[in-house]
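Here is the structure we will look at, set down as structure tokens.
The values are calculated or read from the model by the stated rules, or taken from the named source; none is laboratory data. Since we're looking at a predicted model, the values are computed, not measured. Every residue, glycine among them, receives a Cβ derived from its backbone with ideal geometry; neighbour counts consider all protein chains shown.
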Amino acid sequence: MNGGEILLHHVRLIGRLDPLLEVRLLAALPGSQAARIGRRRDAMDRAATLLGFALLLDCAAVAGIGRPLPPRLVFPAGGKPLWRAGPDFSIAHAAGRVACALAPEGMRVGLDIEARGAAAGSGLRLVSSQTERDLYHNAGLTNDELWTAKEAVLKAAGAGVTDAGQVVLELSGAVFRGTRYALLRPFIAPEISCTLAVTPPASVTVREIDIASLLGAAERARCDTGQGERESPGPVT
């Protein structure tokens, strides 16, 4: 990974996740997190979560970051997942698309994606000022871009959606609790609005990943956790 470059990898999710990929990703995760995801009844939600993890592995491989990765992942209850002693990352999914952003060491990153047209004006009035809405709309930016900017900053800061009103937006940046974030709006798909919040400022490289190529990353991660010799569990139904 170059010094100031964020990696943004994304994949299109169509239908149910391949059972073999699901098994291997669950096997690579820390036990408590794998059990939590495996209990989810919504297959698409389960698939999106697992693909986010697979994309993180893919980003780490491209960045040349040493393994093992999964044992160093921490999933606080109700909080942003963390990579212990590693770089910051952020995962989002919407409208059949899953994406992961991996930041260089020492940077903070937040990622949000939404289906275009999903953000309602009435809801935005609860979390944004008239000045912010006028600023965005006069610049030709949409409600979706305003909302994803707010959410991306909150993710970068590790804050919750109830704090959205404290995020003060500018066109190319935002301020939250005294910290300034640069805002990037990379293109990933016509139907998706995407915003990255990062501090300090950085460039971004975007790659669409073939879902089949993630199987190798999942298998390497499974072996790194010491589970490569064990019998894999059956697919979650």
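Listing for the model above:
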| item | result |
| --- | --- |
| Which numbered condition A118 fails, given (1) assigned to a strand (DSSP E or B); (2) modelled with pLDDT under 95 | (1) |
| Filter pass, V74 being surrounded by fewer than 16 Cβ atoms within 10 Å (Cβ to Cβ) and in the same structural domain as L8 (by TED's automatic domain parsing) | yes |
| Unique match (being farther than 19 Å from H9 by Cβ and either modelled with pLDDT under 95 or touching a strand residue (DSSP E or B) at 6+ places or on another chain (Cβ under 6 Å) (or both)) among A221, A149 | A149 |
| Filter result for A61 (surrounded by 15 or more Cβ atoms within 10 Å (Cβ to Cβ), touching a Leu at 6+ places or on another chain (Cβ under 8 Å) and within 28 Å of V153 (Cα to Cα)) | no |
| Top-ranked residue of region 163-177 - restricted to ones that are in contact with a helix residue (DSSP H, G or I) (Cβ under 7 Å, 6 or more places away or on another chain) and outside any strand (DSSP E or B), ranked as surrounded by the fewest Cβ atoms within 10 Å (Cβ to Cβ) | R177 |
| Those residues of region 28-60 which are in contact with a helix residue (DSSP H, G or I) (Cβ under 8 Å, 6 or more places away or on another chain) and either acidic (D, E) or within 21 Å of G15 (Cβ to Cβ) (or both), in sequence order | I37, G38, R40, R46, A47, T49, L50, L51, F53, A54, L55, D58 |
| Every residue from region 146-161 that is surrounded by fewer than 22 Cβ atoms within 10 Å (Cβ to Cβ) and farther than 20 Å from R108 by Cβ | none |
| Exclusive hit being modelled with pLDDT of 95 or more, more than 25 Å from M44 (Cα to Cα) and assigned to a strand (DSSP E or B), set R207, R180 | R180 |
| Test: residue in region 47-64 that is among the charged types (D, E, K, R) and free of Cβ contacts under 8 Å to residues at least 40 places away in the same chain | no |
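Table: residues versus (1) modelled with pLDDT under 85; (2) not in a loop (DSSP other than H, G, I, E, B).
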position: L50; (1), (2): no, yes
position: F53; (1), (2): no, yes
position: L56; (1), (2): no, yes
position: C59; (1), (2): no, yes
position: V62; (1), (2): no, yes
position: P71; (1), (2): yes, yes
position: A77; (1), (2): yes, no
